[in-house]
């Protein structure tokens with residue numbers, strides 16, 4: 001199991017006086033109760049994590065346990081708790097509901113002790129850079145579509161003008177100009193809208209993942225890659241290349257995809273300049289580039 | 001930070017259990033998970049290491065992603081050389097103190113300070129100094145192989161039983177065996193209170209920290225190999241039970257007579273929110289019986305974790321032992337006696353079933369798996385024979401021999417002949433088996449075709465022993 005050395009995390013509810021410990025087991029120390037109620041992970045039915053709290057429901061439990069983010073001593077503790085839950089979810093297969101994630105889930109990682117040709121970088125995932133990288137990708141995908149839209153709109157507008165007004169030798173030049181301008185404007189609107197959508201998407205991912213504001217460790221190795229909060233990362237956990245399908249390279253980052261969704265963003269600036277070539281080589285040897 | 005060691009004795013259903021908690025332990029002896037490596041069976045298997053000091057002792061490959069029901073592949077790494085004087089001295093002092101009559105908690109205090117944080121139970125138990133598969137344990141792990149009985153969850157565990165681990169893994173390589181050490185041990189084993197100190201590793205297997213030469217001497221001198229055993233308590237368990245139903249029956253004279261019959265109804269989880277308690281192989285302790293501070297340690301620490309000197313240990317893993325094949329030779333009679341000792345199959349079967357009556361054995365011989373409407377061992381006939389043989393071999397050798405001969409003599413049970421013949425091969429000195437196998441060899445009957453080779457070997461060996 002990956003992240004197996006993460007120490008148990010403690011959270012305290014000041015209102016009820018209850019203390020929760022998330023580790024090898026889930027324990028609840030209720031105020032006034034001489035012994036804790038302890039659940040093993042195979043008793044977990046569901047864990048739901050939202051932006052504000054996490055809720056645990058257990059088989060045979062009288063109530064669900066809700067731990068708000070404020071109950072943790074620090075953001076690091078909260079991130080460690082999420083990592084512990086995701087790793088256990090992989091082992092025990094309970095239902096896990098969560099917000100959108102900017103970083104790969106911890107359940108995708110496995111511990112690996114022979115990491116050859118490993119490049120390690122660190123930094124914060126910049127929202128603007130991530131959005132820009134996605135936009136480059138969108139531009140690549142949109143270019144044919146935008147041409148098609150422009151030509152179609154041009155033809156349709158030309159047709160409509162001809163049907164409504166009727167084409168004469170005097171107005172044909174205006175018709176052509178108006179049609180081309182309409183096609184161009186509509187294509188521009190589509191272009192701006194998709195860019196806005198891409199930015200909003202990255203922002204929504206970023207807002208919903210607490211980790212996006214934290215310092216991130218980036219690892220690229222022959223065995224796999226890692227994009228993980230530095231406070232959680234343990235130097236030996238990797239996502240195997242087999243978990244990803246292809247990658248896209250922009251001038252500022254590598255974006256690794258699984259299906260149509262981005263799995264990990266690896267900014268080039270996280271690595272020393274002399275290593276970027278090596279990082280690119282490993283990624284391109286491991287995945288197909290699109 | 002100094003090591004904080006606390007001990008306590010609790011009563012669980014009339015059984016006194018000694019608990020020792022360690023906080024701030026020096027992480028000198030323990031196990032840790034290394035993760036996956038393509039070289040060691042791909043990403044689907046995990047590698048675990050047992051270490052003593054900065055030296056890797058045993059490498060364990062846990063197949064199927066570390067599935068607890070899978071037996072592990074084990075091999076000895078460099079082994080403990082005793083270079084770390086602190087550990088070496090702690091082991092020697094503890095061994096001496098235990099043999100001077102100190103209590104387990106007092107005698108093993110030096111070793112407890114070397115363990116990772118957690119709660120441990122300590123007790124004494126007789127061990128079979130074998131690998132659980134008929135080979136003497138010292139030198140039995142030179143090459144990587146699957147060791148039966150090392151699964152963390154086995155038949156005994158699965159049925160919720162507690163069991164005492166009884167097989168050994170060495171922490172020193174066989175290079176350290178010396179005839180002088182053996183002779184010294186031979187003189188003292190008769191007067192020792194404790195013959196060895198063992199640390200539980202996995203399933204039925206414990207690592208022998210101290211007492212390697214003593215184990216050889218004990219087998220030679222036919223002295224029980226009594227060890228002080230340290231087990232970590234960390235596995236959560238949920239108690240299940242089969243409710244006992246009270247049935248009122250009318251007796252012959254017409255008076256109402258209450259009879260309690262055990263009925264095997266589908267097990268139910270008892271009314272206890274969360275888990276019932278924590279366990280190790282040999283003890284199950286409900287949460288309510290733990291001292292509070294010890295319970296806190298179990299909950300707020302990890303089952304196993306990497307020690308601070310993890311990188312030093314792993315760097316040594318690549319090194320090959322200087323003498324992968326040792327010139328040291330254990331006494332032949334010790335090796336032969338080891339083959340006669342109970343193996344994992346026998347011990348597992350002994351924990352898996354509570355008993356077998358003669359009527360039940362007769363049913364099995366007749367090819368039935370049920371007696372009086374109840375499954376005797378298993379609905380699978382072959383599994384029933386295997387378990388019954390193992391159980392009898394462990395508990396009652398005479399019945400085992402009789403049962404085995406009856407099976408091998410029955411041509412309708414030919415599917416089980418080969419397995420049974422294999423099992424009885426260890427009973428080389430048994431005259432009844434010799435007579436049977438001799439008749440098999442002489443008769444040349446086709447019904448014995450599956451066991452004829454075994455019969456020949458048995459007769460030859462018996463004749464050789466007889467001549468000696």
Could you list, in sequence order, all residues of the stretch B:152-196 that are modelled with pLDDT of 90 or more, assigned to a loop (DSSP other than H, G, I, E, B) and under 26 Å from residue B:65 (Cβ atoms)?
-> B:165
Given A:108, A:134, which one is touching a strand residue (DSSP E or B) at 6+ places or on another chain (Cβ under 8 Å), more than 14 Å from chain B (Cβ to nearest Cβ) and crowded, with 19+ Cβ neighbours inside 10 Å?
-> A:134
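Listed here are the residues, each with its yes/no results for (1) modelled with pLDDT under 85; (2) loosely packed, with under 12 Cβ neighbours inside 10 Å; (3) part of a loop (DSSP other than H, G, I, E, B).
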position	(1), (2), (3)
B:319	yes, yes, yes
B:322	yes, yes, yes
B:348	yes, no, no
B:361	no, no, no
Within the stretch A:56-70, is even one residue within 28 Å of residue A:254 (Cβ to Cβ) and outside the structural domain of residue A:193 (by TED's automatic domain parsing)?
-> no
Residue check: is residue A:185 more than 16 Å from the chain's Cα centre (by Cα) and surrounded by fewer than 16 Cβ atoms within 10 Å (Cβ to Cβ)?
-> yes
When you look at residue A:217, is it outside any helix (DSSP H, G or I), at pLDDT 85 or above and on the phi < 0 side of the Ramachandran plot, yes or no?
-> yes
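Hey, among A:65, A:92, which residue is closer than 28 Å to residue B:49 by Cα and touching a residue at least 40 places away in the same chain (Cβ under 8 Å)?
Values: A:65 fails: closer than 28 Å to residue B:49 by Cα.
Going through A:65, A:92 in turn, the sole match is A:92.
Looking only at the stretch A:46-57, count every residue that is touching a residue at least 24 places away in the same chain (Cβ under 8 Å) and in contact with a helix residue (DSSP H, G or I) (Cβ under 8 Å, 6 or more places away or on another chain) and tell me the total. Talk me through it step by step, then tell me what you get.
Here is the first cut: in the stretch A:46-57, the ones touching a residue at least 24 places away in the same chain (Cβ under 8 Å) are A:46-51, A:54, A:56.
When the remaining residues are screened for being in contact with a helix residue (DSSP H, G or I) (Cβ under 8 Å, 6 or more places away or on another chain), the result is A:47, A:49, A:51, A:54.
Number satisfying all stated conditions: 4.
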Output yes when any residue across the stretch B:231-238 is away from every other protein chain (no Cβ under 14 Å) and at pLDDT 90 or above, and no when none is.
-> yes
Given the stretch B:380-468, what helices (runs of 4 or more DSSP H) lie entirely inside it while holding 1 or more residues that are in contact with a strand residue (DSSP E or B) (Cβ under 9 Å, 6 or more places away or on another chain)?
-> B:381-395
When the residues of the stretch A:234-263 are filtered to those that are assigned to a loop (DSSP other than H, G, I, E, B) and more than 14 Å from chain B (Cβ to nearest Cβ), which remaining residue is surrounded by the fewest Cβ atoms within 10 Å (Cβ to Cβ)?
-> A:260
Within the stretch A:115-126, is even one residue surrounded by 13 or more Cβ atoms within 10 Å (Cβ to Cβ) and assigned to a helix (DSSP H, G or I)?
-> no
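The values are calculated or read from the model by the stated rules, or taken from the named source; none is laboratory data. Quick caveat: nothing in here was measured; it's all calculated off a predicted structure. With ideal geometry, Cβ positions are generated from the backbone for all residues, glycine too; neighbour counts draw on all protein chains shown.
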